[in-house]
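Below is one structure, written out as structure tokens, with a few remarks after it.
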Amino acid sequence: MKIRQLSVFLENRPGQLRFPCKALGDAGIDIVTMSLADTAQFGILRLVVKEWERAKSVLEAAGVVVNVTEVLAVDVPDRPGGLAAVLEAFEQAGVGVEYMYPSASRERGRHATLLFRLEDPDRAEKLLEAAGVKLVGPAELFARS
Amino acid sequence: MSSQWNDAPGGFHPASAPDFLPRRELARLQLGRLRSVVERAHARVELFRRRMEERGVTPADVRSLEDLGRLPFTVKTDLRDTYPFGLFASPMEQIVRLHASSGTTGKPIVVAYTEADLRVWTSVMVRTFAACGLHRGDVIQNAYGYGLFTGGLGAHYGAEALGATVIPISGGNTERQLMVLQDFGATAICCTPSYMIHLVERAREAGISFERLKVGVFGAEPWTEEMRRHIEAAAGIRAHDVYGLSEIIGPGVGIECERRDGLHLFEDHFYPEIIDPETGEVLPDGAEGELVLTTLSKEAMPMIRYRTRDITSIVPEPCACGRTLRRIRRIGRRSDDMLIIRGVNVFPSQVEAALLAVEGTLPHYQIVLARVQGLDEMEVQVEVTPEVFSDVIGALEALRRRLEAAIDHVVGIRVKVTLVAPRTLARSEGKAKRVLDRRNM
């Protein structure tokens, strides 16, 4: 159920964000969703794409440092308190969140899909399934986009 | 000696008498001292004895000052390879002081002094201050760092022996420096020239003027005539360049007199040669090359033909000040990759050792030097490799801090590490350019 996420190191200067996006575009790779984390010095672009292995080689060939990690996609009921309830389940299961961001693909009006980078993805997956949290697999996530 | 030898304004300090020895007398003194120091080093320092044997020379072969050219060189790595005490020529019970400065990699180099060595060091520092026109009654703010670095204590004891009042404030803490400078009425200051520029700028911001300050004794790093003009105009003082290095004694190897046209070397204790850094051949006065120094009177750690890596030339003409001591031109560059940052010696190899220790492999890196508000700043740009790259910001920040701490630990000064994208640092013929010096020197 886990989803592969590519992370790319970016310096804080003009053109740095466009460069990897253009490399993926030229190779015909569609970005499913993404998020950008920034510090005063540098940024990290996190990408979810359908063909992660090909995307990784395209980026590496372009001279970009790529890191592959696993994230979990969680459907969160699109109503007040929906996210809080899911996070409560995380807390009870003792699953720590490194960071999270929303997926650009979603089922409008029913769920918001959030991507979570968790401390121990394998353990987190088991605990969250047992707690009844709805995880979305890659096939389903990509089908929505 | 005439009545000009008195410790009063207009007179010469009695300790400065050797500055004015007739050349022939000086040469006789030098040769006598050279023969005994070679004998001492040969008898007591294994490395030196072995090198002399390899060259088939004995101390008896030194019959003139020119014969010095037959002796082997000593280089900085010899001090590292014999760390810590391998080049000492005195037993520890006769050594009364140790100092250390940074070496080419992680370990520092250690230098030692007997009581007689300290007396020599103090005497050349008295002559240094006297050549700057200072004497009893002057108040000297000593802003060189006290500690293992030779600058602080070297200047301190020289200033005290001169009869001046010493303010042993040590380096750093600009606010306090300015307060003391103003309130204690210092007439002279010792520090690195870049720190003086920093002080001058901060004083201007704070609206402070140095009314009593008249002389600055600046050294421990290369500087330029432009910096001198800037300091002299902004602080209303006369700025003197002082030369020295721990391996030889510390500060007090050479000083600019009031003419400030080259640095007089205290040749009665430190014998200079200029060599071609490629071939090792001795060059005539006037020719530019690497300065090689032999300590003529050092007991604890004699240095025979020590290659300073400083590029300069010996001024052939005598100085109008009357000193017979030969002068060297201001040192503008070095023949190795040593950098001097805020008075601290830094080698790129030290930075490499630190990067390697943290990352396990050596990443591409570049050292960028800049001068911000008169102070040297060192930035190390490190290319991110797949091995260390993480998608978590905290992990990269932690890596950056670990790199900073490791470099700081080896080099001894605070640095800023910046992570940069791969292949962004300039490479020429596949090799990265390791140092980008933007200090305009």
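Summary table below
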item	result
Euclidean distance of C-alpha centroids, the range B:107-122 and the range B:241-313, integer Å	17
All-pairs alpha carbon distance profile, chain B, 10 Å steps from 0, percent	4, 20, 29, 26, 15, 5, 1, 0
Gap separating the Cα centres of the range B:342-376 and the range B:160-192, nearest whole Å	31
Cut-off 12 Å between beta-carbons: net charge of the residues surrounding residue B:404, Lys and Arg +1, Asp and Glu -1	+2
Among B:315-322, B:382-389, the order from most to least packed when residues are scored by Cβ within 10 Å on average	B:382-389, B:315-322
Neighbour-limited loop hits for trypsin sites (Lys or Arg not before Pro), the range A:37-145 (at most 16 other Cβ within 10 Å; DSSP other than H, G, I, E, B)	A:50, A:108, A:110, A:134
Reachable aspartates and glutamates, given that their alpha-carbon falls under 16 Å from the alpha-carbon of residue B:107 and they are not under 8 places away in the same chain	B:78, B:81, B:247, B:352, B:408
For residues of B:391-404, the mean tally of beta carbons on other chains within 10 Å	4
1.4 Å probe accessible area per residue over the range B:37-178, in Å²	41
Accessible area per residue in Å² at 1.4 Å probe, computed on the range B:298-420	36
Buried accessible area, chains A and B (both chains, 1.4 Å probe, Å² to nearest 100)	1700
Carbon/sulfur fraction of accessible area - the protein assembly as shown, other protein chains in place, 1.4 Å, %	51
B:54, A:88, ranked by accessible area, largest first (probe 1.4 Å)	B:54, A:88
Value of Rg to Rh for the protein assembly as shown (Rh from inverse mean 1/r over Cα pairs, i.e. Kirkwood)	1.14
Peptides ranked, highest mean first, by Cβ atoms within 10 Å: ranges B:248-254, B:261-267	B:248-254, B:261-267
Principal semi-axes in Å for the range B:344-437 [√(5λ), Cα gyration tensor, largest first]	20, 16, 13
Net charge of Cβ neighbours under 13 Å - reference residue B:152; Lys, Arg +1; Asp, Glu -1	0
10 Å Cβ neighbours from other chains, averaged over peptide B:360-373	0
Long-range amide H partners of residue B:296 with built H, under 5 Å	B:270, B:271
Filter on A:56/A:126; A:22/A:56; A:2/A:50; A:50/A:126; B:76/B:298 - keep pairs with C-alpha separation over 20 Å	A:56/A:126; A:50/A:126
Two-decimal log10 I(q)/I(0) for the range A:70-144, as the Debye equation yields it once each C-alpha is a single scatterer, q = 0.11, 0.13, 0.17 Å⁻¹	-0.24, -0.33, -0.58
Chain A - convex hull of the alpha-carbon atoms, volume per residue in Å³	119
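The values are calculated or read from the model by the stated rules, or taken from the named source; none is laboratory data. All values derive from a computational prediction rather than experimental measurement. Methodologically, a virtual Cβ is constructed for each residue, glycine included, from the backbone with ideal geometry; neighbour enumeration extends over all protein chains shown. Note: accessible area is taken over every heavy atom of the protein model, side chains too, but ligands, DNA and RNA are not part of it. Shrake-Rupley method; radii C 1.70, N 1.55, O 1.52, S 1.80 Å.
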